[in-house]
1. Which order do Val112, Val124 take by accessible area at a 1.4 Å probe, largest first?
2. From the cross-link list Lys96/Lys154; Lys68/Lys197; Lys128/Lys166; Lys128/Lys167; Lys128/Lys154; Lys68/Lys167, which pairs have alpha carbons spaced over 24 Å apart?
3. Ranked by accessible surface with a 1.4 Å probe, highest first, in what order do Arg122, Arg30 come?
4. Give me the percent of Cα-Cα pairs in the stretch 2-193 that sit more than 31 Å apart, rounded to a whole number.
5. For Asp113, what accessible surface area do you get with a 1.4 Å probe? Give it in Å², rounded to 10.
6. Heavy-atom accessible area of Met61 with all protein chains present, probe 1.4 Å, nearest 10 Å²?
7. Work out the FRET efficiency for Asn107 and Leu185 from their Cβ-Cβ distance, taking R0 = 41 Å, and round it to the nearest 0.05.
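The values are calculated or read from the model by the stated rules, or taken from the named source; none is laboratory data. As the structure is a prediction and not an experimental result, all values here were calculated from the model. A quick note on method: Cβ atoms are made from the backbone with ideal geometry, for glycine too, and the neighbour counts reach across all protein chains shown. Ligands, DNA and RNA are stripped out before the accessible areas are found, and what is left, the full protein with its side chains, is counted by its heavy atoms. Shrake-Rupley method; radii C 1.70, N 1.55, O 1.52, S 1.80 Å.
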Amino acid sequence: MFMSWLFNQAGPTEYRSRTVFEDTTPEMVRDFFWDDEFRPKWDNMLVSAATMEECPTTGTMVVHWVRKFPFFCSDREYVFGRRIWESGRAYYCVTKGVPYGSVPRKNKPRRVDLYYSSWLIRAVESRKGDGQLTACEVLLFHHEDMGIPWKIAKVGVRQGMWGTVKKIDPGLRAYQKERTSGNTLSHCAFMAQINSKISADYLRSFESKSNDSSELETHNSSEKPSGKNIPKLLVVGGAIALACSFDRGLLTKAVIFGVARRFANIGKRL
């Protein structure tokens, strides 16, 4: 596994990362990240997970999570919508915090309302140098307000979550082994396979409507710039699509594109 990530140094908890997994497919990685039933086997920060609502047509889900953090804050509760778009075996996976009256708010754990996380999963050439598309690249953009000073949050995420990050690759390999052994597909993984198809032209239409003209470049903190770019759709288009999907059409186009540009500007500051 190869990974590089970058934090926003002058604002709320926002970060981007690029990870490459060898000898796997985008579909396997997509199912792995969506599979809440398998996740506790590798992610010890997940206390509980439950699906509150789902759409068998679009694959959209509303999920309730409780997560524990290593040392810098108490447990946090999340209610978020999530959905996957597919464009030629590239998967745009987007999650966003949503209001949900069926889950009453409690004093503890504290609910995180402002939450947005999106990632692009696609096949790339292997680092083995054989020219084969046998590796899988994951580009992540993540933003949330945990309700603590952002400087503390950054230190905590940087130091405390690395233990979880290191478990992703072994977790993926265990997941691959379980899937190839013929075990029954979990319901979450089944839902991950219900994707909304979008064309390359449709994706480009988002970029033409954005005021952003430059790509968002990632840098490895320990190496020279990697030269890899996060497609603007991951930040801009994901915000637009989710604003339409989870706010049930109540937002005007001006508000939707305002949200999109905000996320794009966040990316430029990183």
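1. Result of the area sort, largest leading: Val124, Val112.
2. From the list (Lys96/Lys154; Lys68/Lys197; Lys128/Lys166; Lys128/Lys167; Lys128/Lys154; Lys68/Lys167), the Cα-Cα distance tops 24 Å for Lys68/Lys197; Lys128/Lys154.
3. I get Arg122, Arg30, largest accessible area first.
4. Numbers: 2957 of 18336 pairs.
When all Cα pairs of the stretch 2-193 are counted, 16 percent exceed 31 Å.
5. 90 Å²
6. 0 Å²
7. Numbers: r = 38 Å, r/R0 = 0.92.
With a Förster radius of 41 Å, E is 0.60.
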